[in-house]
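Working notes, beginning with the structure itself.
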Number of protein chains: 4
Amino acid sequence: MAEQRVPTRDEVLGYLRERRNWGRWGADDQRGAVNLITPEKRVQAASLVKSGRSVSLSRDFPTIPGRNNPMPAQHFLRVMDNAVVDYYGIVYHGYVATHVDALCHVWDGDGMWNGRDPKREVTSGGAAYGAIDKWRDGITTRGVLLDVPRFRGEPSVTLETPVHGWELEAIAAQQGVRIEPGDALVVHSGREAWQAANPDWSGYRPPSPGLHASCLPFLRDHDVSVLVWDLMDASPNEYGVPWTVHGAIFAYGVALVDNALVEPLAAACTEEGRYEFMLTLAPLVWVGGTGSPVNPIALL
Amino acid sequence: MAEQRVPTRDEVLGYLRERRNWGRWGADDQRGAVNLITPEKRVQAASLVKSGRSVSLSRDFPTIPGRNNPMPAQHFLRVMDNAVVDYYGIVYHGYVATHVDALCHVWDGDGMWNGRDPKREVTSGGAAYGAIDKWRDGITTRGVLLDVPRFRGEPSVTLETPVHGWELEAIAAQQGVRIEPGDALVVHSGREAWQAANPDWSGYRPPSPGLHASCLPFLRDHDVSVLVWDLMDASPNEYGVPWTVHGAIFAYGVALVDNALVEPLAAACTEEGRYEFMLTLAPLVWVGGTGSPVNPIALL
Amino acid sequence: MAEQRVPTRDEVLGYLRERRNWGRWGADDQRGAVNLITPEKRVQAASLVKSGRSVSLSRDFPTIPGRNNPMPAQHFLRVMDNAVVDYYGIVYHGYVATHVDALCHVWDGDGMWNGRDPKREVTSGGAAYGAIDKWRDGITTRGVLLDVPRFRGEPSVTLETPVHGWELEAIAAQQGVRIEPGDALVVHSGREAWQAANPDWSGYRPPSPGLHASCLPFLRDHDVSVLVWDLMDASPNEYGVPWTVHGAIFAYGVALVDNALVEPLAAACTEEGRYEFMLTLAPLVWVGGTGSPVNPIALL
Amino acid sequence: MAEQRVPTRDEVLGYLRERRNWGRWGADDQRGAVNLITPEKRVQAASLVKSGRSVSLSRDFPTIPGRNNPMPAQHFLRVMDNAVVDYYGIVYHGYVATHVDALCHVWDGDGMWNGRDPKREVTSGGAAYGAIDKWRDGITTRGVLLDVPRFRGEPSVTLETPVHGWELEAIAAQQGVRIEPGDALVVHSGREAWQAANPDWSGYRPPSPGLHASCLPFLRDHDVSVLVWDLMDASPNEYGVPWTVHGAIFAYGVALVDNALVEPLAAACTEEGRYEFMLTLAPLVWVGGTGSPVNPIALL
């Protein structure tokens, strides 16, 4: 992928098929590329904490109705004499809540992660394979941020200018940072600036700006375990496939953290002149769940 | 509190009044003892990651009805052609879900954290003061585990043998570990063994075993920022006060993580011969919320 | 109110104060104008069933997000081997779900129904007074439909042409129907036509067309027990009062059925040449609730 | 079925197969036995309103946790300056909420109502066939109550003494009432007395008392459209079939109203010396739903 050419449909299908990680960690593996995060990797990640600054990558929970929030989360309080409790309800997948997708979340005609059949594994009672509870011990690893707007000198990625894999390589080179196996890749595409300039935009009504299918080899070549992003798949895709970059879930076993709030971390990285840090995120332990709301924390 | 004497009612009231941290971090502070976690503290916490072992302190989300789960969480899936999404709904406070309490969660006749009036600050629209989103950048600090059953040579704490503050001191001494300002204190009381021996027990129907009011000075003297526990306040209390150890929330500004799963961490600590580690937990960012389900991770 | 003059602010305040039904059915009454529905009234209502046609006055439950549905209801199914069950969740008040308001639902500075103090009676634990369960035996009475669009020869009521009380009198006269004590008044304002002509309209973002404050005396003079309507209070009101026609709840003890689907009944009435019928509606028995989704049925 | 003999397994399978109403109202019918309620039937039902007494057949909504309420309904209020609104959430099927089952709710190995395939018709997106919205115009018909405890001179039906079809015939004869096509049959089994005598009983943990499979022919022979009952299928059944009396849904197209509160109506019928009345019930219009909470009203 040193070429700067938009891939053909066959090439994209190849990314999702020939480059698969199926069976790489065993036929019954349910943890995917997170397997690349070894104890040594965690020790190394901890060593990256230098200034002790702690930055959240989560948006506020989406309780307020809006154009990009058609199904707001519910939040109800019950006040008592000496206490107050509350209820949270949410369909967190979508384009507004910060959440991590489990490996069972999406699939294509060839199947789920590791080639399993969703008709068998996923019922309305829960996901029997690749559910979020398989990452119950958290995901703690080295994180690397690639700042696309800063690289481009533009406020944000746009519909006409998706992020391509070769661009990610160029940004890493310019930032002087390497992506290593098991890393969490954090891509800043400038969502806040995009939303401010396009107040009527809603991820629920494409087109949407984001990462092009050409980013798939970048994820696979560098063996990332997690992709944290604020703008997601450039949509619609020109290949007529159900999933492009989201296909990293079922093809590579990568954990995707959608709708991340990346701008504050990008600003902190710029300020400290560093693009690597310790990243921690811990899904809630919903047995059979298809993902979880999360608040990923970067420690610089 | 070098004495091993159960405190009088006046003494307990003194713990909750005279030893208050109100105003310590300013009249408008909303982060409480978490303020003691400085960037330096986080760097130090990261340096405690030695083996790279990652251990969750969270129970499975309580979707299954049961004697100790009278209001199960809701989990519904929606399967589509190429994806599955789900809905989570939960009143997470109580005796079964692992969650962190915000500073607004409880109060007594004297008021909330920092002396605020709950009638003004807490409405059914949300908490205007001391809500969970004030800890949005996560809580990452040095964690110390005190293992009560192991110290006692008993399977668990019991109704007749609550945990006292002087006992925590003794356990720390025996384990050869110090508690330092800003630390997260993890107390293992042996909940799994207690529940196995008492299958009809429910935290919703006291009496319940746990920590005695005499533990309050321990928390205050050592300036802990977080208390993570599997069995909570010994209930009912003999003082006729609404809250004993839970009073650490409004009196000291301490973050409480209730219903933690501590046994696996206690076993890991025993195995590795260490009782200090890096502890990370990140509440979901619910603006105005009274707490959050969490999955705290200990990194050894 | 034979005059066709828009009332002054003092007159509107008079409607809500001087014409109150407070104490009319006793100081502790919680059923309001529904008290006017005697057993004899029900027998009479049943005698109005002539053709046996059954017409629903309910919209579909609002699960689909949209401009006038910012907080969609939740509907999740769980399929099992030999059965399927589902979950319904809804904040039904608002501008989209068909529902009946309990007497505790709204109030003004003078108080709730019967002069009670909402600060005392309504907490986040439930309404202690005037809750929906007080109508647990259903509301079954004579129903009378007044068809405003048909009277006007227009598709619907508009922002510039609210429904006035004198107009309701004129429509009744033209339709040859009397409104009697205890009746359910059904007002057709042509909501479907309004929405079709104004696809961007949302009741959540006034202005909205509907009934003017001048309708209050009509309700009070005729002693209606229920008002069923498809477009509600003309909003905003020019008097600076929190509630105009909705004030019939706390001032007169009238049951309001909001967001009704009236067009099919209006068509049936036109077809049969009758404007009176038996109306039945039964709130779900939520103790302490502020209202209930309902499906009112008119029997011709 | 004049015999008073417990049917064999083959006979019960015969009730569910040979006596099916499949195709009776057309291959695409989705309203089942409710088709038997003609406009004339409704007029006749209305003529049964004599005293004008109105009696609810609904239990309070099950928000309070308990042994027979493992998944309580949610009820949260939000109090504002001049109004209060609330949220209702419920999985209403089960043994505690009063609700009507849609024709899609249950099936056996042979299929759903009218022979449809649940795998095709019922997905986690909704039921495409036999959903509750097909009864959107309400169910209004002649109701007949059969009072089993009164007939037996016992407080309630018991585990050892299920209700048999021949007994229903005897009760109807003794009460001097006929069951006619399209009627709603209301069976009083004395649930309140049963629960009071058996406080640990839970419908979620059989055995449970109720109606025996031998009641199926009674329903079919008399062409009832609705069965309203307080205790349901005697469970477990001795035939090893997934459903006995609940099979009336998919075999006969009968609407079942489970967990009804029948005692007050039974008392009213005894008092008035009549066992026939007008029965009205209106499901909430959930498109694709598997049933609905309801508050059925009997008018005497």
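Rule-based calculations on the coordinates, nothing more; no lab input. Since the model is a prediction, treat every value here as computed from it, not as a measurement. Note: ideal-geometry Cβ built from the backbone for every residue, glycine included; neighbour counts use all protein chains shown.
Below 12 angstrom from the Cβ of C:Trp113, what's the summed charge of the other residues (Lys, Arg +1; Asp, Glu -1)?
Working: positive: C:Arg20, C:Arg24, C:Arg31, C:Arg116, C:Lys134; negative: C:Asp28, C:Asp29, C:Asp101, C:Asp108, C:Asp110, C:Asp117, C:Glu121.
Charge balance in the 12 Å sphere: -2.
Working value for segment B:241-286: equivalent-ellipsoid semi-axes of 26, 15, 10 Å, each the square root of 5 times a Cα gyration tensor eigenvalue, largest first.
Summary of the geometry: segment B:108-147 and segment A:161-190, compared by the centres of their Cα atoms, lie 38 Å apart. Using Cβ point charges alone (K and R +1, D and E -1), the dipole size of segment C:53-129 about the Cα centre works out to roughly 120 debye. The Rg/Rh ratio of segment C:217-265, with both radii computed over alpha carbons and Rh defined as the Kirkwood radius, is 0.98.
Computed over the Cα atoms, what is the radius of gyration of segment C:167-264 divided by 2.2 N^0.38 Å, N being its residue count? Mind dumping the intermediate values first?
Numbers: Rg = 13.5 Å, N = 98, 2.2 N^0.38 = 12.6 Å.
With N residues counted in segment C:167-264, Rg over 2.2 N^0.38 Å equals 1.08.
Principal axis extents of the C-alpha atoms in segment C:1-83 (largest first, rounded to whole Å): 62, 40, 34. Rg and Dmax of segment D:68-221, based on Cα coordinates, read 19.3, 60 Å. A simple rule links phi to the HN-Hα coupling: the Karplus curve 6.51 cos²θ - 1.76 cosθ + 1.60 with θ = phi - 60°, which for segment A:233-250 gives 5, 4, 10, x, 8, 8, 9, x, 9, x, 9, 9, 5, 4, x, 4, 5, 8 Hz, with x for Gly and Pro. At an R0 of 30 angstrom, the distance between the Cβ atoms of A:Glu18 and A:Arg120 translates into a FRET efficiency of 0.75.
Taking the charge dipole of segment A:118-181 about its Cα centre, with +1 at Lys and Arg Cβ atoms and -1 at Asp and Glu Cβ atoms, the residue from A:Val157, A:Ile179, A:Gly138 reaching farthest to the positive side is A:Gly138.
Full extension of the chain segment joining D:Asn82 with D:Asp110 gains 4.6 nm, where the gain is 0.36 nm per residue of separation less the Cα-Cα distance. Using every pair of separate Cα atoms, the Kirkwood estimate puts the hydrodynamic radius of chain D at 19.5 angstrom.
The Kirkwood hydrodynamic radius of the protein assembly as shown, based on inverse pair distances between different Cα atoms, is 32.5 Å.
With Cβ to Cβ distances under 10 Å as the rule, what net charge do the other residues near D:Trp286 carry (K, R +1; D, E -1)? Residues close to D:Trp286 contribute a combined charge of -2. With θ taken as phi - 60° and the Karplus curve 6.51 cos²θ - 1.76 cosθ + 1.60 applied, the whole-hertz 3J(HN,Hα) list for segment C:160-171 is 7, 10, x, 7, 9, x, 5, 5, 4, 4, 5, 5 Hz, x standing for glycine and proline.
So if I average 1/r over every pair of distinct C-alpha atoms in segment B:39-132 and take the inverse, what Kirkwood radius in Å does that give?
Working: mean 1/r = 0.0573 Å⁻¹.
17.4 Å is the Kirkwood radius here.
Counting only other chains, and only Cβ atoms inside 10 Å, what mean value do you get across the residues of C:272-282?
3
Spin-label model, C:Glu192/A:Arg178: points 7 Å from Cα along the beta carbon direction are separated by 6.9 nm. Hydrodynamic analysis of segment D:121-190 uses the Kirkwood radius over alpha carbon pairs. Inserted into Stokes-Einstein at 10 °C and 1.306 mPa s, it gives a translational diffusion coefficient of 108 µm²/s.
The modelled label-to-label distance between A:Arg152 and C:Glu272, using points 7 Å beyond Cα along the C-beta direction, is 6.4 nm. Here B:Lys50 is the anchor, and the aspartates and glutamates within straight C-alpha reach of less than 13 Å, apart from those fewer than 8 places off in the same chain, are A:Glu40, B:Glu272, B:Glu276. Pairwise Cα distances in segment C:102-159 exceed 14 Å for 68 percent of all pairs. One Cα centroid belongs to segment A:42-65, the other to segment A:264-298; the line between them spans 5 Å. Listed by chain and number, the aspartates and glutamates placed with their C-alpha closer than 13 angstrom to that of A:Lys134 are A:Asp28, A:Asp29, A:Asp101, B:Asp60; residues fewer than eight positions away on the same chain are left out. Counting every C-alpha pair in segment A:78-118, the share spaced more than 17 angstrom apart comes to 59%. Cβ-Cβ distance of B:Glu40 and C:Asp200, R₀ of 56 Å, FRET efficiency by 1/(1 + (r/R0)^6): the value works out to about 0.55. Sequence-ordered 3J(HN,Hα) estimates for segment D:144-156 from the Karplus curve with 6.51, -1.76 and 1.60 and θ = phi - 60° stand at 10, 9, 10, 9, 5, x, 5, 4, 7, x, 10, x, 7 Hz, glycine and proline given as x.
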